[in-house]
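One structure is given below, encoded as structure tokens.
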Amino acid sequence: MTDSKYFTTTKKGEIFELKAELNSDKKEKKKEAVKKVIASMTVGKDVSALFPDVVNCMQTDNLELKKLVYLYLMNYAKSQPDMAIMAVNTFVKDCEDPNPLIRALAVRTMGCIRVDKITEYLCEPLRKCLKDEDPYVRKTAAVCVAKLHDINAQLVEDQGFLDTLKDLISDSNPMVVANAVAALSEIAESHPNSNLLDLNPQTINKLLTALNECTEWGQIFILDCLANYTPRDDRESQSICERVTPRLSHANSAVVLSAVKVLMKFMEMLPKDLDYYGTLLKKLAPPLVTLLSAEPELQYVALRNINLIVQRRPEILKHEMKVFFVKYNDPIYVKLEKLDIMIRLASQANIAQVLAELKEYATEVDVDFVRKAVRAIGRCAIKVEQSAERCVSTLLDLIQTKVNYVVQEAIVVIKDIFRKYPNKYESVIATLCENLDSLDEPEARAAMIWIVGEYAERIDNADELLESFLEGFHDESTQVQLQLLTAIVKLFLKKPTETQELVQQVLSLATQDSDNPDLRDRGYIYWRLLSTDPVAAKEVVLAEKPLISEETDLIEPTLLEELICHIGTLASVYHKPPSAFVEGSRGVQHKRLPGSAGSGESVESPDTGSAAGVPDAPPAVIPSQGDLLGDLLNLDLTPPATSGPPPPATSGLQLGAMDLLGGGLDSLLGGDLGGGSAMGAGFGAPPAATAAPFSAPVSGGLDDLFDLGGGVGMPMGAYSPPKTVWLPAMKGKGLEISGTFARRGGVIQMEMTLTNKAMSVMTDFAIQFNRNSFGLAPAGPLQVLTPLSPNQSIEVSLPLSTVGPVMKMDPLNNLQVAVKNNIDVFYFSCQYPISMLFVEDGKMERQVFLATWKDIPNDNEAQFQIKDCHLSSDAASSKLQGSNIFTIAKRTVDGQDMLYQSVKLSNGIWVLAELRVQTGNPIFTVCLKCRAPEVSQCVFQSYEAVLKN
Amino acid sequence: MSASAIFVLDLKGKVLICRNYKGDVDMAEIDHFMPLLMQHEEEGLLSPVMSHGNVHFMWIKHSNLYLVATTNKNSNASLVYSFLYKIVEVFTEYFKELEEESIQDNFVVVYELLDELMDFGFPQTTESKILQEYITQEGAKLEVAKTKVPTTVTNAVSWRSEGIKYKKNEVFIDVIESINVLVNANGSVMSSDIVGSIKLKTMLSGMPELRLGLNDRVLFALTGRDKGKTVVMEDVKFHQCVRLSRFESDRTISFIPPDGESELMSYRINTHVKPLIWIESVIEKFSHSRVEIMVKAKGQFKKQSVANNVEVRVPVPSDADSPKFKTSTGNAKYVPEKNLVVWTIKSFPGGKEFLMRAHFGLPSVENDEAEGKPPITVKFEIPYFTVSGIQVRYMKIIEKSGYQALPWVRYITQSGGTVATFLISAL
């Protein structure tokens, strides 16, 4: 007989019938009824109405029945908190049961009932269970502390459970140790500053001992915890590595990856000339290779991590190319990852093999895979110079297949090869031109147009070819239009005599008939350039291009370091830092690799201590894909300056371009080009624009080249609202409190004026906060040292921390305060401007900003208007910066300034903003995007307050 | 740390059973899983991790089920997948087959197991043999007194209970090597590797201490003895019963075995191997009319050995029809649902050569969808023989009661798929 029979009752009045059965005297009938209830719950029916009846069955000596009732409770307690209290007695009783299985079951289940009222009753039984004689109960209780902490952190701290949990690390039973470590790590993760896991050599030693004895899962908890430790010197680092390496032989892939994480991290500290360092490197390769015979999902995780490992330490796997060859029956996600790693490992030694494989892949049927294989051939050519010729001929072979998507991919990569090896393979251009008509993807068309423009002097009919594209100019994608514009200008500069008409045509198409601002702006720039100074135009447009680098998609070194610290986790799979996808992780800590000790060699990570660690100079990586090559000034790839005054020009060329435009401005406005009126329109800013500081002389593209964050003056202090009365003397038995909040030097201050309006002296002041949305809590006692005599006032400044207990308030920024003195305790509530919580390091990287902006669903976007604000965009930006609202980029479109800004709250929530300012229009528009949209309203209020004061 | 909740879904995405471990992810989020999966599949971006808002789904598929873990933290992904596969293993041992029906038929036990396997996202006891001691399918029959936690659960030896008794103490050791060879169309070997595993069937009383001796070259180099052929194992993976630090320090494989069947260890060997059964094929495709296939198989192993249950799988176009076969031995069968001809030879002596011819008709209207070119694969088993030459030198069994125990050793070589890519000459 199977359980499926319980699913079959679908009669009407079922609940009623079940109720009767649950209250039956017969044990067997009761149990059957509970099973039916659970079956209904499983298929998603609401059986919460039976709560009291089910709970009545709880007191039973039948373990199976008890488990079912507990299961029911876990599901419905939250919806019926008042009734859940009914169950408490049985729980408490069960925690005393002679059978450890029942004790453990009770404490485990109680922790899963997330009802505040119940947690109080949980404390005593939990305290007993943590000291239980049976390890099964202790290991369950250890986890329960983490559960309880999740519901009520303060309670756990007050009850001293954290200390008991720490003691369990020294437990005699390895499974208890493992669970205690897991629970502590979990708690520490949500409170990074709590210093819970203060790992020292003694605890490390205990963990390493338990590592040999606990289950595979326990080993993972311990290894993941070890990975957070920073050894004091290279000797300690080596001895830990020695004790971790045996784990590489574990059958469980997750144990292996966690061990690899510890080793990769601690290896940083070993001097490279140490023999052991070499031994360790050799030991890492075989287990990594074996991971590729695991289940496909685990292979995928392994491959994503290997991708990081080969970037950090290419020497580990350099001889293992063959294992990354794609198997016929690999799932597509494994295939694509393998391809990526093949390219990373490609070298002169193995390139022949790799190319043979890639050529094979390019004839498969899976389109995405084939495309990536063709691209891979191009990347090999760029990476391994000796193979370039062979790669090009392989690509030509593939073009001959005439398979449409193969041809297009091939052309895209050949464009890159041309850039890497100029004047070498141009003989193939003729073959490429034959395929012009078959290109229907924008990227391939753009690549082909770039090639024609770049080599216009060698292609006899370049003008005809480009002209043919011009016919359907407006139907092309922006990418193609921009490329076509540039290509024709190049052509004109190379063969001015025959192509004057063509260039006129394209310029007018771009400037007059297009409503794409980028295209229009670029058209104008060319136009002005050509008309003002053709020689300069030549220098700019036909300037020598920087070579593209070998590795096109290396992960930025600081990010790579952080990801290495997260091996095996989702971050390592996404190749994104946890802060990019985990919301609200408090005071997000970016993990760093430890610095090396001993050896005097240049070290990858120069420091660990200082917060603003300077990464070693990032290699000049110029991504070759996804960008518009040969873009206007070939400068669009300049890495954005991160802070400080804007580099007025990072290269001479850039400066030249600026001057040129500046100089040309007046003459242009004079309108001697015939396109004067159109230009006036496009340039539509009122005279103010010309008088405006030079930082925004021309709208569009160029502005993006500069980081505008620094166009701002000295940051002013954060905005602080005027004091208001919080506690009137009427309610405070003569004590009047008025106050406000301020943020100074990264510390939130609660500034109060205490006035004694009573007749007697006041002493013994103390203050306490209720739990609040952002965990605000006094960082110290209230400093009122002298007694407050009648009619005396005193100014007090109370520093606040943000690590207190959290509870969502309504409104979000509401704070309930209790102030005590020798007379009484007084309660009041006040609202703090949320801008107090904006932290100093809230400036997001530009790339991260872009990605995050896209990533946050549109539903989370909120739009507000600020009226009557008479500030220029720059003044606004500087004002906002004073309150830690950072401008990351600025764009000007049609006289409207768009400021892109980021804000980080003290609990790690990021808010992204777009502020639109129209010169002369007192209404500003703010668009806020945040993963926690609840805060948007408060953030907007801060915007308004800051801008208007 | 790992999973917030675990779901078992049917193929349509309907939740069959689920367990909420942490309560930090809304259980309704699972409704996004199926649409997301379909969207990814359509875009050709299928991935084992998918995210929706700030919820991440990690999933595996087993028969007609999806097992999905949700999280909103930076979870240990490798742990989650290992755990999901462990669930499959445990459920399979409990219910023989893990599929939609067995979940429904046993939902009470499934809930109990989910409760025991993981707590607040931390995997706990996952040894199914031990779980079976205190979570049983016949819950009703159990007396309360009996359902105690076996001390094994929290012991350092968490995989074996005390008090096991056998009349006759024996341990069976199977050394199974599977070889993977990839041959390209020109007949050259592209890649080859050997994956071996040593499996135990332990029928020993008490808590025996075992030590396994192999002809491991590293060990022999360490001890200075060098007698006869030795084997270099590239990477070794052990069951958790093996003392890893002991192996690391002096290459001794010592352990207290789990009772019954288990995989003690697996290893990888990188030596170059030639295909044991060599395949040559000529496939001629006459568009719009027919395909003619000729396959020659040759046993390239010792004459004394015999390969059993040889299966040569030859792919054919999906639109082929009216098959005709001729074989010099064994028989050939058309498996249209897999687009394969399977040629089986019960026993294939070393050094022999056999031939198979097949003829298929093709429709006059051509299928214009491009088809993959799956390779020809060969499956077989050769008993009493390992390619690598690995040998069990000894198995020492010591138990405090001092009984005599007999170890038995068997060697088998399997094909993990000797694979030959081939050319189709289109005419």
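Just a yes or no: is a residue in the range B:214-229 basic (Lys, Arg) and at pLDDT 90 or above? Break it down into steps so the answer makes sense when it comes.
Here is the first cut: in the range B:214-229, the ones basic (Lys, Arg) are B:217, B:225, B:227, B:229.
Checking which are at pLDDT 90 or above leaves us with none.
Checked the range B:214-229: no residue is basic (Lys, Arg) and at pLDDT 90 or above.
Restricting the range A:224-257 to residues that are part of a helix (DSSP H, G or I) and in contact with an Asp or Glu (Cβ under 7 Å, 6 or more places away or on another chain), which is farthest from B:Phe247 (Cα to Cα)?
Within the range A:224-257, the first condition is being part of a helix (DSSP H, G or I), and the residues that meet it are A:224-226, A:234-249, A:253-257.
So of that shortlist, the ones also in contact with an Asp or Glu (Cβ under 7 Å, 6 or more places away or on another chain) come out as A:245-246, A:255.
On the way: A:Thr245: 11, A:Pro246: 8, A:Val255: 17 Å.
Only one residue tops the list, namely A:Val255.
Take A:Cys95 and tell me if it is within 19 Å of B:Phe120 (Cβ to Cβ), within 10 Å of chain B (Cβ to nearest Cβ) and not acidic (Asp, Glu).
On the way: within 19 Å of B:Phe120 (Cβ to Cβ): yes; within 10 Å of chain B (Cβ to nearest Cβ): no; not acidic (Asp, Glu): yes.
Here the answer is no, as A:Cys95 does not meet what is asked.
Return the residues of the range A:252-291 that are basic (Lys, Arg) and either within 27 Å of the chain's Cα centre (by Cα) or under 29 Å from B:Lys86 (Cβ atoms) (or both); say none if nothing qualifies. Talk me through it step by step, then tell me what you get.
Taking the range A:252-291 and keeping what is basic (Lys, Arg), we get A:261, A:265, A:272, A:282-283.
Once the filter is applied, which keeps residues that are basic (Lys, Arg) and either within 27 Å of the chain's Cα centre (by Cα) or under 29 Å from B:Lys86 (Cβ atoms) (or both), the range A:252-291 yields A:Lys261, A:Lys265, A:Lys283.
Quick one: count up the residues across the range B:205-221 that are over 15 Å from B:Ser254 (Cβ atoms) and of a type in the set (A, V, I, L, M, F, W, C).
Taking the range B:205-221 and keeping what is over 15 Å from B:Ser254 (Cβ atoms), we get B:205-206, B:215, B:217-218, B:220-221.
Next, only the ones that are of a type in the set (A, V, I, L, M, F, W, C) stay: B:218, B:220-221.
So the count comes out to 3.
Among A:Val413, A:Val406, which is in contact (Cβ under 8 Å) with a residue 40 or more places away in the chain and out of contact with any Pro (no Cβ under 7 Å at 6 or more places or on another chain)?
Working: A:Val413 fails: in contact (Cβ under 8 Å) with a residue 40 or more places away in the chain.
Step by step, each of A:Val413, A:Val406 is checked, and only A:Val406 is in contact (Cβ under 8 Å) with a residue 40 or more places away in the chain and out of contact with any Pro (no Cβ under 7 Å at 6 or more places or on another chain).
What are the residues in the range B:242-267 that are at the interface with chain A (Cβ under 10 Å from one of its Cβ atoms) and surrounded by fewer than 19 Cβ atoms within 10 Å (Cβ to Cβ), if any? Before you say what the answer is, go through the steps one by one.
Filtering the range B:242-267 down to residues at the interface with chain A (Cβ under 10 Å from one of its Cβ atoms) leaves B:242-249, B:263-267.
The answer is B:Arg243, B:Ser245, B:Arg246, B:Glu248, B:Ser249, B:Glu263.
Across the range A:442-454, what is the total count of residues that are buried (at least 18 other Cβ atoms within 10 Å of the Cβ) and either at pLDDT below 85 or not small (Gly, Ala, Ser) (or both)?
Of the residues in the range A:442-454, 8 are buried (at least 18 other Cβ atoms within 10 Å of the Cβ) and either at pLDDT below 85 or not small (Gly, Ala, Ser) (or both).
Filter the range A:209-233 down to residues that are surrounded by fewer than 21 Cβ atoms within 10 Å (Cβ to Cβ) and closer than 22 Å to A:Leu274 by Cα, then give me how many there are. First the steps, then the outcome.
Keep residues of the range A:209-233 that are surrounded by fewer than 21 Cβ atoms within 10 Å (Cβ to Cβ), which gives A:209, A:212-213, A:228, A:230, A:232-233.
From what is left, the residues that are closer than 22 Å to A:Leu274 by Cα are A:230, A:232-233.
Summing the residues that are surrounded by fewer than 21 Cβ atoms within 10 Å (Cβ to Cβ) and closer than 22 Å to A:Leu274 by Cα in the range A:209-233 gives 3.
Go through A:Met74, A:Met58, A:Met110 for me and flag whichever is buried (at least 18 other Cβ atoms within 10 Å of the Cβ) and facing chain B (nearest Cβ under 10 Å). Don't jump to the end; show me each part of the working.
Working: A:Met58 fails: facing chain B (nearest Cβ under 10 Å); A:Met110 fails: facing chain B (nearest Cβ under 10 Å).
When all the criteria are applied, what remains is A:Met74.
Is it the case that some residue within the range B:69-90 is farther than 25 Å from A:Ile222 by Cα and either small (Gly, Ala, Ser) or not in a strand (DSSP E or B) (or both)?
Initially, the range B:69-90 is screened for residues farther than 25 Å from A:Ile222 by Cα, giving none.
Taking every residue of the range B:69-90 in turn, none turns out to be farther than 25 Å from A:Ile222 by Cα and either small (Gly, Ala, Ser) or not in a strand (DSSP E or B) (or both).
Which of the strands (runs of 3 or more DSSP E) found entirely inside the range B:245-288 contain at least 2 residues meeting this: of a type outside the set (Lys, Arg), closer than 20 Å to A:Leu248 by Cα and not assigned by the TED database to the domain that holds B:Asp319?
Details: elements: B:253-255, B:260-269, B:277-286.
Here the list reads B:253-255, B:260-269.
For the structure I just gave you, tell me whether B:Tyr94 is farther than 22 Å from A:Leu336 by Cα and in contact with a strand residue (DSSP E or B) (Cβ under 8 Å, 6 or more places away or on another chain).
On the way: farther than 22 Å from A:Leu336 by Cα: yes; in contact with a strand residue (DSSP E or B) (Cβ under 8 Å, 6 or more places away or on another chain): no.
For B:Tyr94, the condition - farther than 22 Å from A:Leu336 by Cα and in contact with a strand residue (DSSP E or B) (Cβ under 8 Å, 6 or more places away or on another chain) - is not met.
Which strands (runs of 3 or more DSSP E) does the range A:813-903 wholly contain that include 1 or more residues that are farther than 30 Å from A:Glu751 by Cβ?
Working: elements: A:814-820, A:825-831, A:861-866, A:886-893.
Qualifying strands (runs of 3 or more DSSP E): A:861-866, A:886-893.
Within 10 Å of chain B (Cβ to nearest Cβ), of a type outside the set (Lys, Arg), in contact with a Cys (Cβ under 9 Å, 6 or more places away or on another chain) and buried (at least 19 other Cβ atoms within 10 Å of the Cβ) - does that describe any residue in the range A:119-137?
Yes, the conditions are met somewhere in the range A:119-137.
May I ask you to verify whether A:Gly804 is outside the structural domain of A:Lys879 (by the TED database) and either in a loop (DSSP other than H, G, I, E, B) or in contact with a helix residue (DSSP H, G or I) (Cβ under 6 Å, 6 or more places away or on another chain) (or both)?
On the way: outside the structural domain of A:Lys879 (by the TED database): yes; either in a loop (DSSP other than H, G, I, E, B) or in contact with a helix residue (DSSP H, G or I) (Cβ under 6 Å, 6 or more places away or on another chain) (or both): yes.
Criteria met by A:Gly804.
Kindly indicate the residue of the range A:736-749 that is free of Cβ contacts under 8 Å to residues at least 60 places away in the same chain and not acidic (Asp, Glu) and also surrounded by the fewest Cβ atoms within 10 Å (Cβ to Cβ) among those meeting that condition.
Kept after step one, since they are free of Cβ contacts under 8 Å to residues at least 60 places away in the same chain, are these residues of the range A:736-749: A:736, A:738, A:740, A:744-745, A:747, A:749.
This time we only want the ones that are not acidic (Asp, Glu), so: A:738, A:740, A:744-745, A:747, A:749.
Numbers: A:Ser738: 18, A:Thr740: 19, A:Arg744: 13, A:Gly745: 8, A:Val747: 13, A:Gln749: 20.
Only one residue tops the list, namely A:Gly745.
Is it fair to say A:Ser249 is touching a Lys or Arg at 6+ places or on another chain (Cβ under 9 Å), closer than 23 Å to B:Asn155 by Cβ and either of a type in the set (Phe, Trp, Tyr) or in contact (Cβ under 8 Å) with a residue 60 or more places away in the chain (or both)? Before the answer, list the steps.
Values: touching a Lys or Arg at 6+ places or on another chain (Cβ under 9 Å): yes; closer than 23 Å to B:Asn155 by Cβ: yes; either of a type in the set (Phe, Trp, Tyr) or in contact (Cβ under 8 Å) with a residue 60 or more places away in the chain (or both): no.
So A:Ser249 does not fit the description; no.
Yes or no, residue by residue, for (1) farther than 21 Å from A:His566 by Cβ; (2) within 21 Å of the chain's Cα centre (by Cα); (3) surrounded by 23 or more Cβ atoms within 10 Å (Cβ to Cβ); (4) not assigned by the TED database to the domain that holds B:Gln104:
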{"site": "B:Gly44", "(1), (2), (3), (4)": "yes, no, no, no"}
{"site": "B:Met50", "(1), (2), (3), (4)": "no, no, no, no"}
{"site": "B:Lys61", "(1), (2), (3), (4)": "yes, yes, no, no"}
{"site": "B:Ala69", "(1), (2), (3), (4)": "no, no, yes, no"}
{"site": "B:Ser75", "(1), (2), (3), (4)": "no, no, yes, no"}
{"site": "B:Tyr81", "(1), (2), (3), (4)": "no, yes, yes, no"}
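If you scan the range B:48-87, which residues turn out to be closer than 19 Å to B:Tyr111 by Cα and within 7 Å of chain A (Cβ to nearest Cβ)?
Residue satisfying the conditions is B:Tyr85 alone.
Just give me the residues in the range B:98-108 being at the interface with chain A (Cβ under 8 Å from one of its Cβ atoms) and among the aliphatic types (A, V, I, L, M), in sequence order. Lay out the reasoning, then the answer.
First, pick out the residues of the range B:98-108 that are at the interface with chain A (Cβ under 8 Å from one of its Cβ atoms): B:101, B:104-108.
Passing the criteria: only B:Val108.
From A:Val289, A:Val310, which residue is assigned to a helix (DSSP H, G or I), at negative phi, more than 12 Å from chain B (Cβ to nearest Cβ) and surrounded by fewer than 23 Cβ atoms within 10 Å (Cβ to Cβ)? Write out each step before concluding.
Working: A:Val289 fails: more than 12 Å from chain B (Cβ to nearest Cβ).
None of the others qualify; the one that does is A:Val310.
Considering the range A:359-388 alone, what residues qualify as being aliphatic (A, V, I, L, M) and part of a helix (DSSP H, G or I)?
A:Val367, A:Val370, A:Ala373, A:Val374, A:Ala376, A:Ile377, A:Ala381, A:Ile382, A:Ala388
Out of (1) of a type in the set (Lys, Arg); (2) touching a residue at least 60 places away in the same chain (Cβ under 8 Å); (3) in contact with a strand residue (DSSP E or B) (Cβ under 9 Å, 6 or more places away or on another chain), what's the single condition that is false for B:Lys229?
(3)
For A:Ala456, indicate whether it is of a type in the set (A, V, I, L, M, F, W, C) and touching a residue at least 40 places away in the same chain (Cβ under 8 Å).
Details: of a type in the set (A, V, I, L, M, F, W, C): yes; touching a residue at least 40 places away in the same chain (Cβ under 8 Å): no.
No; evaluated as a whole, the condition is false for this residue.
Return a yes/no flag: does the range B:366-381 have any residue that is small (Gly, Ala, Ser), modelled with pLDDT of 90 or more and out of contact with any Cys (no Cβ under 9 Å at 6 or more places or on another chain). Spell out the reasoning first.
Initial filter on the range B:366-381 (small (Gly, Ala, Ser)): B:370, B:372.
Narrowing further to those that are modelled with pLDDT of 90 or more: none.
No, every residue in the range B:366-381 fails to be small (Gly, Ala, Ser), modelled with pLDDT of 90 or more and out of contact with any Cys (no Cβ under 9 Å at 6 or more places or on another chain).
The values are calculated or read from the model by the stated rules, or taken from the named source; none is laboratory data. Just so you know, these numbers come straight off a predicted model, no measurement behind them. Using ideal geometry, Cβ is built from the backbone for each residue, glycine included, and neighbour counts are taken over all protein chains shown.
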